[in-house]
Amino acid sequence: MQTNYKSILSIFSIALLLFLFSCSHDHSHNEEAHDHGGDHAAHSEEDGHDHGSENEHSDHEGEEHHEEGEIHLSKAQIKTMDIQFGDFTEIKINDFVSATGTLGLPPNAYSDVSAKSSGFIQNSKKYVEGSYVKKGAIVAYLENSEFITLQQKYLEVASEMIFLRQELQRKQALVDANAGVPKELQKVQSEVNRNNATLKGLAKQLNYLGLNVTHLSTENIAERIAIISPMSGYITSINMHNGMYVEPNTELMEIVNENHLHLELDVFEQDVAKVKEGQKISYTVPALGGEVYEGEVHVLGKEFNHENKTVRVHGHLEKERPRFLKDLFIEAKIWLNDQTVEALPEKAIVKDGASSFVYVGNPQTEADEIEFEQVMVIPGLSDKGFTSVKLVNPIPDGMQIVTQGAYYVYAQSKVGSLEHSH
């Protein structure tokens, strides 16, 4: 590209010198004509003829007039500069689709910590948001006098159950010896069944609260239960403190497990057809710096967002992962595998500031000069000397694209602008 600009500068400098020399020559010629003006006027008066119309005709004879902004080159110049014409070439370029989104987690990666009963929070651990907690770790304790009552009732029913079973055995022995009453045996059996159901129900309640009844006795009745972490992960929110009264529906803490961290990208509807499972993704997290991470398209959403005109795409993360922050914005590129695109040689595209364009002309014209026009384009990815291109406006009929020597045409347009300025 640097060589092209040096060539343009050289051509532009030569053209400028020729133009200034031309201006100087025309000025000298005009002075000479002015010096002989009197003789010419006298001669005209003597012969009685007015040559003004003839002179005006000769001044403009053979001169071509070009509108401002037009670019013209003779066929001889085109041949000397080796300017060539052509058309688009279809090639395979690894193009991409832009997308934005967040780092997300599936529903089963979130877990709320809540109390299993009403009570008062005590001895809460000194966790803060962002702390890592392991599954089963105690995060606080819950106190409630009902826990004591529940254990007491279990022990009473268990004690009564021992007596009823002994009574059942005694009644059964009497009946077997034909000394007892079958009806009394049935009554005791019914009481045993009822107490057994009550005992099992109480045991289930205590186990749910985290109290093991296997070794429960009057000596180890607990007045509080532990609130434990249901999963390993990072704490994203804490909503509890010591002495706080809570209900079972109170969310005390939220924990996320980032082992299943994934990408949640929004792809615009015009690009959805290009996206397929298995395509590679590169993404950055602007808030965390410019490091580029890798992923892969895993699932294409089935719902269209009418408000944003997008479809959700889920991607798996690969290799190194960024630090997880919930709902953190990301920018991504979904790479399309060997997409066939319309492309032009890189040298056919001229950049002027923020604009990019190509030149078109009709090489089949019978005129001695070829007129060129600029056509704005939007360049895409480049590969193997070609660049994918999107036209802003269609190419006029009969015109072909300058595929080689575009910067010579560009230099001529600058010379033309200078001549009009002079």
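The values are calculated or read from the model by the stated rules, or taken from the named source; none is laboratory data. The model shown is predicted, which means the values in this text are computed figures rather than measured ones. FYI the Cβ positions are ideal-geometry reconstructions off the backbone, even for glycines, and counts take in every protein chain you see.
At-a-glance table
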{"read-out": "Count - residues of the range 320-349 that are in a loop (DSSP other than H, G, I, E, B) and among the charged types (D, E, K, R)", "value": "6"}
{"read-out": "Residue within the range 184-205 that is under 50 Å from the mean Cα position of the chain (by Cα), under 25 Å from residue 145 (Cα atoms) and not aliphatic (A, V, I, L, M) present", "value": "yes"}
{"read-out": "Conditions (1) surrounded by fewer than 12 Cβ atoms within 10 Å (Cβ to Cβ); (2) in contact (Cβ under 8 Å) with a residue 12 or more places away in the chain; (3) over 15 Å from the mean Cα position of the chain (by Cα); number of the one not met by residue 383", "value": "(1)"}
{"read-out": "The one condition in (1) more than 30 Å from residue 129 (Cα to Cα); (2) part of a loop (DSSP other than H, G, I, E, B); (3) of a type in the set (Gly, Ala, Ser) that residue 290 fails to fulfil", "value": "(1)"}
{"read-out": "Residue that is modelled with pLDDT of 90 or more and more than 25 Å from residue 96 (Cα to Cα), where the choices are 360, 415, 350", "value": "360"}
{"read-out": "Subset tally (residues that are surrounded by fewer than 13 Cβ atoms within 10 Å (Cβ to Cβ), assigned to a loop (DSSP other than H, G, I, E, B) and not hydrophobic (A, V, I, L, M, F, W, C)) for the range 267-276", "value": "1"}
{"read-out": "Any hit, the range 183-191, residues being over 30 Å from residue 251 (Cβ atoms) and in a loop (DSSP other than H, G, I, E, B)", "value": "no"}
{"read-out": "Selection within the range 126-138 - part of a loop (DSSP other than H, G, I, E, B) and within 15 Å of residue 230 (Cβ to Cβ)", "value": "127, 134, 135, 136, 137"}
{"read-out": "Residue that is farthest from residue 310 (Cα to Cα), among those in the range 246-257 that are acidic (Asp, Glu) and either surrounded by fewer than 17 Cβ atoms within 10 Å (Cβ to Cβ) or assigned by TED's automatic domain parsing to the domain that holds residue 326 (or both)", "value": "247"}
{"read-out": "Answer from 156, 146, 167 - the residue that is of a type in the set (Asp, Glu), in a helix (DSSP H, G or I) and under 60 Å from the mean Cα position of the chain (by Cα)", "value": "146"}
{"read-out": "Residue 141 of a type outside the set (Val, Ile, Thr), surrounded by 16 or more Cβ atoms within 10 Å (Cβ to Cβ) and under 46 Å from the mean Cα position of the chain (by Cα)", "value": "yes"}
{"read-out": "Members of the range 352-380 found to be free of Cβ contacts under 8 Å to residues at least 24 places away in the same chain and of a type in the set (D, E, K, R), listed by number", "value": "366"}
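Listed here are the residues, each with its yes/no results for (1) in contact (Cβ under 8 Å) with a residue 40 or more places away in the chain; (2) farther than 16 Å from residue 120 by Cβ; (3) in a strand (DSSP E or B).
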residue	(1), (2), (3)
205	yes, yes, no
214	no, yes, no
222	yes, no, no
230	yes, yes, no
243	yes, no, no
255	yes, yes, yes
265	yes, yes, yes
278	no, yes, no
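Rundown of residues vs (1) surrounded by fewer than 18 Cβ atoms within 10 Å (Cβ to Cβ); (2) of a type outside the set (Ser, Thr, Tyr); (3) assigned by TED's automatic domain parsing to the domain that holds residue 382, yes/no style:
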| residue | (1), (2), (3) |
| --- | --- |
| 282 | yes, no, no |
| 285 | no, yes, no |
| 288 | yes, yes, no |
| 293 | no, no, no |
| 303 | yes, yes, no |
| 307 | yes, yes, no |
| 319 | yes, yes, no |
| 326 | yes, yes, no |
| 330 | no, yes, no |
